[in-house]
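So the structure is just underneath, and the comments pick up after that.
The values are calculated or read from the model by the stated rules, or taken from the named source; none is laboratory data. Just so it is clear, the model here is predicted, and its values are computed rather than measured. As a convention, Cβ positions derive from the backbone with ideal geometry for all residues, glycine included, and neighbour counts pool all protein chains shown. Accessible surface is based on the protein model in full, side chains and every heavy atom, while ligands, DNA and RNA are left aside. Shrake-Rupley method; radii C 1.70, N 1.55, O 1.52, S 1.80 Å.
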Amino acid sequence: MERLYPPETASSWDRVGLVSGDPDQLISLVHFAVDPTLAVIDEARAAGADLLVTHHPLLLRGVHSVATTSAKGASVASLIVNDIALYVAHTNADVASPGVCDALADACGLVDVGALEVVDGLPHGRVGSLAGSLTLREFVERLHSVLPKAAGGIRVAGPADARVSRVAVVGGAGDGMFDAVRASGADVYVTADLRHHAALEAREEARGGTPYLVDAGHWATEWMWLHGARSELLRELAGRGTSLSTYISTLRTDPWDFVIGGSSGVSSGDDLNIDTSESSSDSARDKT
Ligand SMILES: [Zn+2]
């Protein structure tokens, strides 16, 4: 794993590598997941895993207790009691080639893929082209068909019938990379965790044009990498004449469970369905 995702390429604030477990313990089943939640740890235990590989760290901030009274403490306890080592490849997997962003670029169907931006010699994000041009709606429907389904679906900013062919991608939270996206000439930016101000300002800068925005969900955009990580690990091991059993978690760790009032085509001029008038209720009734 350290050969595939060198720990020194992780961001300085990140905490990657072995979180629990003994480097000398024998392992035969490796379980891959995006998040080391209690449910994922239970899933790994039930599967008989010896090693859980996750993208997101379990412990990122200062820890003063691992008592089971907190979820983090209960997670650490469960890992140790069940003899499951935890290994994290996070921002070092984001900048790896192939890494998290390559998996998302593949899911988007991109060819001629290159770095969206190079920082300290490491590629951040990817930009590439679709084999042919699609409408924005066709592109996102195609992406939706290959990403794991989350309750929130995929949010899109831009006209559904606009033709798109050049696509920038950043798996996980990507609203800090708009300058690089604009510089890349991308028609569409596929990422996640797009906050109101960052996304709205990007749309304002675009004056309604490109780059259109696609918020495909943090968990979904990073889950695609698990397959790549597994095959890269197995390839590394095969090179050393060994192998392991593997399992990719099917638990959805996207935190949202349902959506009310989503739309497949709301426009900015549509009725808010709320009475925003200050006049009498009679005139409000007249309007509706
Ligand atoms: Zn992430």
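Among the criteria (1) modelled with pLDDT of 95 or more; (2) in contact with a Leu (Cβ under 9 Å, 6 or more places away or on another chain), the one Ser243 does not fulfil is (1). Being over 20 Å from His56 (Cβ atoms) and open to solvent by 10 Å² or more (accessible area, probe 1.4 Å) is a property that does not hold for Asp102.
Of all positions in the range 268-285, none carries a residue that is modelled with pLDDT of 95 or more and of a type in the set (Lys, Arg).
A search for C-beta distances below 8 Å between a residue of the range 173-184 that is in contact (Cβ under 8 Å) with a residue 24 or more places away in the chain and any residue that is basic (Lys, Arg) and within 16 Å of the ligand (Cβ to nearest atom), counting only pairs 6+ apart in sequence or on different chains, returns Asp175/Arg195. Gly125 satisfies every condition listed in (1) farther than 21 Å from Leu147 by Cβ; (2) within 18 Å of the chain's Cα centre (by Cα); (3) not in a helix (DSSP H, G or I) except (1).
When you look at Val111, is it open to solvent by 50 Å² or more (accessible area, probe 1.4 Å), away from the ligand (no atom under 16 Å from the Cβ) and not in a helix (DSSP H, G or I), yes or no? Show your work before the answer.
Details: open to solvent by 50 Å² or more (accessible area, probe 1.4 Å): yes; away from the ligand (no atom under 16 Å from the Cβ): yes; not in a helix (DSSP H, G or I): yes.
The answer is yes for Val111.
Quick one: would you say Val81 is of a type in the set (Val, Ile, Thr) and surrounded by fewer than 16 Cβ atoms within 10 Å (Cβ to Cβ)? Against the criterion (of a type in the set (Val, Ile, Thr) and surrounded by fewer than 16 Cβ atoms within 10 Å (Cβ to Cβ)), Val81 qualifies. Selection of the range 230-252 for residues being open to solvent by less than 30 Å² (accessible area, probe 1.4 Å) and closer than 20 Å to Ala39 by Cβ yields Ile248, Ser249.
Restricting the range 211-225 to residues that are open to solvent by less than 10 Å² (accessible area, probe 1.4 Å), in a helix (DSSP H, G or I) and not aromatic (Phe, Trp, Tyr), the residue that is nearest to the ligand (Cβ to nearest atom) is Glu222. Screening the candidates Val113, Val170, Val66 for the property of being at pLDDT below 95, touching a Gly at 6+ places or on another chain (Cβ under 6 Å) and on the phi < 0 side of the Ramachandran plot yields one hit, Val66.
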